[in-house]
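Notes to accompany the following structure.
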Amino acid sequence: MAKKSESVKVVVRCRPMSEQEIASNYERVVDMDVARGMVIIKNPNSTDSNLRDFTFDAVYDWNSKQKDLYDETFRPIVESVLEGYNGTIFAYGQTGTGKTYTMEGIRSDAELKGVIPNAFDHIFIHIQRTENEQFLVRASYLEIYQEAIRDLLSKDQQKRLELRERPDSGVYVEDLSSFVAKNVKEIERVMSVGNQNRSVGRTDMNEHSSRSHAIFIVTVECCKIGVDGKDHIRVGKLNLVDLAGSERQSKTGTTGERFKEATKINLSLSALGNVISALVDGKSSHIPYRDSKLTRLLQDSLGGNSKTCMVANVGPASYNYDETLTTIRYANRAKNIKNKPIINEDPKDALLREFQEELLRLKSALEKRKKKGSKKRHKTQQEGDSEGESDEGEENTEGNLKVEQERLEAERQSILQNKELLEEEREKLVSGVQERANQLKKEQKKQEVLASKIKAMESKLLAGTKSIVDKTDQQQIALEQQKQEMIEQKKRERTIQQQLLLKEESTLEAKENYSSLQEEVEVKTKKLNKLKSRLKVTKAEIVDMKSEQAKVREELAISLEELQRDLKLRSVIVDNFIPPEEVEMISSRAEYDEETERWSLIPTSQLKDRSQSWLTRPVSGPGGSSSRSGSSSLRHMYGNVLQVELDMPNRTTRDYEPSSAGWQAVLDDAFKDEEEITIQVSSNDFFLFTDENRPKAKRKKQKLQKMKSDREFKTVTAKSKPDDGFPTSRGLVSSSIRYA
Ligand code: ADP
Ligand code: MG
């Protein structure tokens, strides 16, 4: 099939003023020309009427209805997914502008529900109305937060998932759960469960949702007999993406964890921006998809095999002007992304195929069991003394199993009533019959399990039925078609309007022949005025761009400074607390994995010409041997990297005051049961102290050990006071340490 390229559809939606904004009398700076698909933005800080306009595939103002957006913009995408295309709909914009409202809306309200619930209805109605095709619908739901992927449908919400890539099917999330849904209710439940998991443990859900990306994935597989008389499976995948808030995260003043968090939050979104830029600039040969989880996962949606629509959400009020303009510019660039969607036909990993194969297997297994049971019984019947009819060749149906049970019961009764048998013989015979009855029951159970499995699987394969497409339904369908045609007509009109506008400008410039000097002056004055205003807008645009760039540059500078500071700290730690030869050893074994974006250590078994003395050197002390022997876990391979944390004295109630008597009392109390610690230092040997291998009772003592830069230890007694009232880092502890 020839690949036809098409642009990413971009629409802008502006929410109504909120009550608060109305109460505060904010000026509205966004205007929308719905007929032309144009957004006009006014700079509230500029005195002259400085207007900026942008055109899109469609724009939706504060009066727009959820259903209008769906029918006009999203329905065609979902329709394509039902045909076997990939589709992506994502909502972009500042927090509080209506991304979640657009994607999800108010699910319980038919008027107010967003794209996702509308898509659910659309998909299952389509299936109901389609005859002679088999469908399988499944859903997954995930979240990306600080570059970690969480499966929102998994039982284990602590687990983080990784992205993998396969040459045939592309990038996928490893171990992501998916649930087969038979109807709207079931898929809605999947969404509810995911939403619940998303909010579990969140004190501030607004904060969390503004910083994480939520992706709901619906896969629709459809099997149909093709012209060749064979089954063909088409697989359409729909990504429904509620992105993190696009507002600039202020990193100023944040340090440490908070800083890292801030950079990570931005990573996926700025990577998305970079991917869009690279795709549209036409010169880039490299598209930086790999820079973030989001862009890797949505790789197909941006410049690949997908029909994609982006909704840029903005707020109307003046105080949002900067963010609104940034969002609109972002959206304006995205218009130029070209995708190449194709129908996914007979992919190797179609679940429907697996379902069909499994069903066949189960059915034949059931068949075999029935046949076997029937043969066996026939045999016993011939051997036994029952007068039951032969069921050779007959299907061992449920009824037959019952007949067999009755026959066994009769046999049992006849044995019991047979007076000629000795008690012993009778018991033996009865227990034999009982044994057969038990086996029969077991067999029956097994067959029932198989049959119900088959039934459950079959119920998941959906197909439309003729009875549903009745008269009222047909009228309904006709009505919908009419509506859809009207919408298409509206779209065509909009395109014509947009083209007219462009033409108006170009004809003005193209006209060269004038009937009179007067006319020439008039036309040229008009042209001059037009150019003047365009120049003004362009100049303003340049100013905006410059300040935008300055902001980005400033942010990058802050990031760089923070990273350098972090790096310096790490260097200080490494230089002072880790022996150079260990650093050397670790460095030489370290390997960077592009796939997982992690450093890992090459197992020593794969190292050929490297000294392994560190592995064999003598170890002693309480934890030394245990940390080496019998464990191949990576943690222990680091050998001597200290993993203990800076513990503070074991107090939990009051804050200590360094100079008060209370502090000393606590210290004294903490150490009153302990005596002297003797530390023997041998310069070559090190061992690892971890929370596991360190004897618990002795931990408090270690709090007082202070390491000197020359890596020698003082002998510390329990009574001695730490130098500055604070326990200091123990750093690397030389072995052997013996405790008194
Ligand atoms: P976001 O997900 O972008 O942070 P929300 O979807 O949570 O924003 O919207 C913020 C608030 O604005 C919500 O109270 C929402 O109901 C309201 N809202 C957003 N868009 C619209 C709209 N088009 N019409 C009416 N209310 C809206
Ligand atoms: Mg939201």
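Taking the centroid of alpha carbons for each part, region 426-485 and region 29-88 are 47 Å apart.
With the radius of gyration and the Kirkwood radius both derived from the Cα set of region 488-591, what is their ratio Rg to Rh? Rounded to two decimals, Rg/Rh equals 1.49.
For region 63-161, the spherically averaged projection of the C-alpha convex hull amounts to 8.5 nm².
Count of lysine pairs in region 45-168 with Cα atoms under 25 Å apart, counting only pairs 8 or more residues apart in sequence or on different chains? Walk me through the numbers on the way to the answer.
Values: Lys65/Lys99; Lys65/Lys113; Lys67/Lys99; Lys67/Lys113; Lys99/Lys113.
Qualifying lysine pairs in region 45-168: 5.
Length gained on full extension, Glu424 to Asp31: 131.5 nm, using 0.36 nm per residue less the C-alpha separation. Counted residue by residue at 0.36 nm each, then reduced by the alpha carbon distance between them, the extension gain from Gln499 to Arg553 reaches 15.7 nm.
Roughly how many Å is it from the Cα centre of region 119-158 to that of region 203-253, as a whole number? That distance is 9 Å.
Rounded to whole Å, the principal axis extents of the Cα atoms in region 131-204 read 48, 35, 17, largest first. Rg over Rh for region 402-530 works out to 1.79, using Cα positions for both radii and the Kirkwood form for Rh.
Ser506 to Lys340: FRET efficiency via 1/(1 + (r/R0)^6), r the Cβ-Cβ distance, R0 35 Å, to the nearest 0.05?
Computed FRET efficiency for Ser506 and Lys340 comes out at 0.70.
Between Asp121 and Ser600, the modelled labels are 4.8 nm apart [label points 7 Å from Cα along Cα→Cβ]. The calculated FRET efficiency for the pair Glu6 and Lys67, based on their C-beta separation and a Förster distance of 30 Å, comes to about 0.75. Modelled spin labels at Gln146 and Ser18, positioned 7 Å past Cα toward Cβ, are 2.6 nm from each other. Quick one: if the Förster radius is 30 Å, what FRET efficiency do Gln196 and Glu480 give, using the C-beta to C-beta distance and rounding to 0.05? Efficiency, rounded to the nearest 0.05: 0.35.
Entry for region 1-110 at q = 0.15, 0.24 Å⁻¹: log10 I(q)/I(0) = -0.79, -1.54, Debye formula applied to identical alpha-carbon scatterers, no solvent contribution. A simple spin-label model places pseudo-atoms 7 Å from Cα toward Cβ; at Arg361 and Gln444 they are separated by 2.9 nm. Judged by the mean number of other Cβ atoms found within 10 Å, the most tightly packed of the peptides 279-292, 112-125 leads the ranking 112-125, 279-292.
Every read-out reported here was derived from the displayed coordinates using simple, explicitly stated rules and does not represent laboratory data. Note that the coordinates shown come from a computational prediction; the quantities given were computed from them, not determined experimentally. Heads up, the Cβs are rebuilt from the backbone with ideal geometry, glycines too, and the neighbour counts pull from every protein chain shown.
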